[in-house]
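The values are calculated or read from the model by the stated rules, or taken from the named source; none is laboratory data. The structure displayed is predicted, hence computed values, not measured ones. As a convention, Cβ positions derive from the backbone with ideal geometry for all residues, glycine included, and neighbour counts pool all protein chains shown. Keep in mind that these areas ignore ligands, DNA and RNA; they rest on the heavy atoms of the full protein, side chains included. Shrake-Rupley method; radii C 1.70, N 1.55, O 1.52, S 1.80 Å.
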Amino acid sequence: MLDIWLPGADGLQLLKRLHRRFPALPIIMMSGHAGIEAAVAAIKPVPTIFWKTAAYRGIPRQGEVCLKHRPFMSGATLPSDTRLEIVSADLLMPPGMVEAVDSPEPQRTLRGNVVLNGIGLLSGRNTGIILSPLGINEGIVFQTLDGQTIRGHITSLENFPQTVSLKTFSANSTTLDNGRQQVRTVEHLMAVLSMYGITNVLIKVDDEVPNIDGSAKDFCDLILQAGIEEQRAFTRVAVIRQKLGVGNEERHEKHLYAEPFEGFEYR
């Protein structure tokens, strides 16, 4: 049985070291920290069960399950309690399904520099970001501590190379990659930038965007602290012309579809 946070040690790092020495050793990880299940699940193929510290009475039963647990074989389907979902997506869309068009909305950047510090969800390390203004048409750009730049664009998604039509990816984190360096867990920050219409911004980061409390609230506060500046240029937006998506809608499995609509609506 192993805690996530240990005096002078990182429980996730210790988990990986234990697995290297004892590959078949089953482990129960315990923590009340929100969102830590995804971090544990990401350390595959470590045979691990996650348990909330608030429910001690269930631990004996979980211990029994853990003793019967075996390492996952390569290519095996992961059980749902790991929270690591494998999703397949055909990414080669026929022409005309999505079209980039001019928009009357102005491009936007920040009025000043802002800083946010926190803990990385996957690494468990202290990390942070610095947001700075950028000029017209410069886009959303991530810059790592060693000076590598990564575009905040769909073509930078680590598991979505344009030359491959079928890939699997973890649903727990969105990673951007330039072939030499990567930035992980960008989804909440990118969603907030989209919500506020920020189209040009420099994001300095050390490998992973901080998780904070697991929501996007702190990123919203960060944008409001910096202020928003409209720029003298218009944006281009993606317009969906035909229905597209992933998953299987007919079989009532997990799925996500987007289709043409005048406005924005989800259900």
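Taking region 133-154 as the range and being surrounded by fewer than 17 Cβ atoms within 10 Å (Cβ to Cβ) and of a type outside the set (Asp, Glu) as the test, the residues that pass are Gly135, Ile136, Asn137, Gly139, Leu145, Gly147, Gln148, Thr149, Arg151, His153, Ile154. Restricting attention to region 215-267 and to residues that are touching a strand residue (DSSP E or B) at 6+ places or on another chain (Cβ under 9 Å) and of a type in the set (Asp, Glu), the residue that is nearest to Gly96 (Cα to Cα) turns out to be Glu259.
Scanning region 100-116 for residues that are outside any loop (DSSP other than H, G, I, E, B), open to solvent by 20 Å² or more (accessible area, probe 1.4 Å) and at pLDDT 90 or above yields Val101, Asp102, Pro104, Glu105, Pro106, Arg108, Val115, Leu116. Please work out if Val239 is surrounded by 18 or more Cβ atoms within 10 Å (Cβ to Cβ), part of a strand (DSSP E or B), in contact with an Asp or Glu (Cβ under 7 Å, 6 or more places away or on another chain) and of a type in the set (A, V, I, L, M, F, W, C). No, not satisfied. Go through region 204-236 and report how many residues are surrounded by 15 or more Cβ atoms within 10 Å (Cβ to Cβ), outside any strand (DSSP E or B) and aliphatic (A, V, I, L, M). Within region 204-236, residues that are surrounded by 15 or more Cβ atoms within 10 Å (Cβ to Cβ), outside any strand (DSSP E or B) and aliphatic (A, V, I, L, M) number 6.
How many residues does region 180-195 contain that are without any contact (Cβ under 8 Å) to a residue 60 or more places away in the chain and assigned to a helix (DSSP H, G or I)?
8
So for region 193-203 (the condition being open to solvent by 20 Å² or more (accessible area, probe 1.4 Å) and closer than 22 Å to Gln181 by Cβ), does at least one residue qualify? Yes: one or more hits.
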